[in-house]
Amino acid sequence: MRRWRGVTTAAETLQTLPYDAGEPENTSAGTISGDGKPMGGDRGGMSGSMLTGAACVGFALLAGASAAGSELGVAVIVGNRTETVAHGAAPMVHQTAQRPADAQPGERFRDCPDCPQMVVVPAGSHRMGSPSWERGRTGDEGPVHEVKIGAPFALGVFEVTVAEFGRFVDETGYSAGSRCFTYEGGKWKEGRRRGWRNPGFGQSGGHPAACVSWDDAQAYAAWLSLKTGERYRLPSESEWEYAARAGTSTSRYWADSESGQCRHANGADASLKGRYPDWPWTVMSCQDGQAHTAPVGGHEANGWGLHDMLGNVWEWTEDCWNASYEAGPLDGAAWGHGDCAVRVLRGGSWESTPSALRTAFRVRNSAGDRNSSIGFRVARMLTPES
Ligand SMILES: [Ca+2]
Ligand SMILES: [Ca+2]
């Protein structure tokens, strides 16, 4: 038996368990941004509500073998309560392809046929944040500081797809809600009957799952951990930036300039402007071919083989929001202090202006909110230390 933080695997079979995060309360329609300002204008065009009393801010799964060793009980930590959720019926094979601690950087693997494809990210260090002279920089991107990633870890080659998230929902009965902020009728609004299956635009199983909250992403990662016996989680913000930079120190992993964006990322571009002639925010004049999300992997990867780190959908990270890196972690760990009702998002999306598609750019959103521009990718520990 191996024990990761928060997850114990104890059997070769497990049962899938339904869990409903519930409907978040929609408070007055505020807006989100990296610095408290509305996300309009040149900030990327994304809007959403600020949630008060977000459900399930703390989420963990605890698995324990029954006396017979064939059942797994799952407890969900909701706030300061621990609740056991119902047991499902159909056992499934526990598939594990454990990676050795000396896994080679760049090595790709899957832990199961329906699991996300992962790539090994090397240990190393990077300078996190943007220098004062970086064009488009905002005040929350500093101070620049050295972060050391002490052990290799794995990160999804792609954002989690509709098909991958759908497998989770199918196996567990998880409800990812029926409300989501979408851009329709010329404005962002929280629509009923919107969600990851129908985010307000067409998509296939190969598109990134959008309209997923931080809570949804946590539930997916916890399920994947139970399914595989490995430790899946969201990347920390510093891991995310380290992986996105892939050894570069430029504003974007392809260059300092946004020139060339349409080859490397799906952002707000002429395709989007063609779909929405009244779109009020800045777009690139080039064509990346997508008005909304693009199938994952359609744009060039960064130097470590990671696709869509910039653009397509914003990606949830584990970290609580802090408006400055002062006193932040230097070892790649997630920042567990600050405003933990809201979590950090990175990378920009299909609706982001060029200035938001920079490696150091950061915004935040309430953990329970869903938005058609927000998705996630998972990280996986390779050693108990990573
Ligand atoms: Ca686009
Ligand atoms: Ca992305």
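The values are calculated or read from the model by the stated rules, or taken from the named source; none is laboratory data. A quick note: this is a predicted structure, and the numbers were derived from the prediction, not measured. Cβ coordinates were reconstructed from backbone atoms using ideal geometry, including for glycine residues, and neighbour counts include every protein chain displayed.
A few remarks follow.
- Number of residues in region 234-268 that are within 15 Å of ligand 2 (Cβ to nearest atom) and not in a helix (DSSP H, G or I) equals 10.
- Among the numbered conditions (1) crowded, with 24+ Cβ neighbours inside 10 Å; (2) away from ligand 1 (no atom under 16 Å from the Cβ), the only one that GLY375 does not meet is (2).
- Filtered residues of region 308-352 (kept if within 16 Å of ligand 1 (Cβ to nearest atom) and either surrounded by fewer than 24 Cβ atoms within 10 Å (Cβ to Cβ) or in a strand (DSSP E or B) (or both)): TRP314
- For region 185-226, filtering for residues that are part of a helix (DSSP H, G or I) and in contact with a strand residue (DSSP E or B) (Cβ under 7 Å, 6 or more places away or on another chain) leaves 7.
- Within this structure, TRP281 fails the test of being of a type outside the set (A, V, I, L, M) and within 16 Å of ligand 2 (Cβ to nearest atom).
- Residue match in region 183-190 (condition: surrounded by 17 or more Cβ atoms within 10 Å (Cβ to Cβ) and touching a helix residue (DSSP H, G or I) at 6+ places or on another chain (Cβ under 7 Å)): no
- Test for PRO295: is it over 25 Å from GLU190 (Cβ atoms) and in contact (Cβ under 8 Å) with a residue 24 or more places away in the chain: yes
- Scanning region 329-363 for residues that are more than 16 Å from ligand 2 (Cβ to nearest atom) and within 30 Å of SER175 (Cα to Cα) yields ALA333, ALA334, TRP335, GLY336, HIS337, GLY338, ASP339, CYS340, ALA341, VAL342.
- Any chance SER285 is assigned to a loop (DSSP other than H, G, I, E, B), touching a helix residue (DSSP H, G or I) at 6+ places or on another chain (Cβ under 8 Å) and within 23 Å of ALA255 (Cα to Cα): yes
- Of the criteria (1) crowded, with 22+ Cβ neighbours inside 10 Å; (2) away from ligand 2 (no atom under 16 Å from the Cβ), which one GLN287 fails: (1)
- Test result for CYS286, farther than 22 Å from VAL157 by Cα, of a type outside the set (Gly, Ala, Ser), within 16 Å of ligand 1 (Cβ to nearest atom) and at pLDDT 95 or above: yes
- Qualifying residue in region 164-173 (condition: surrounded by fewer than 22 Cβ atoms within 10 Å (Cβ to Cβ), among the small types (Gly, Ala, Ser) and part of a helix (DSSP H, G or I)): yes
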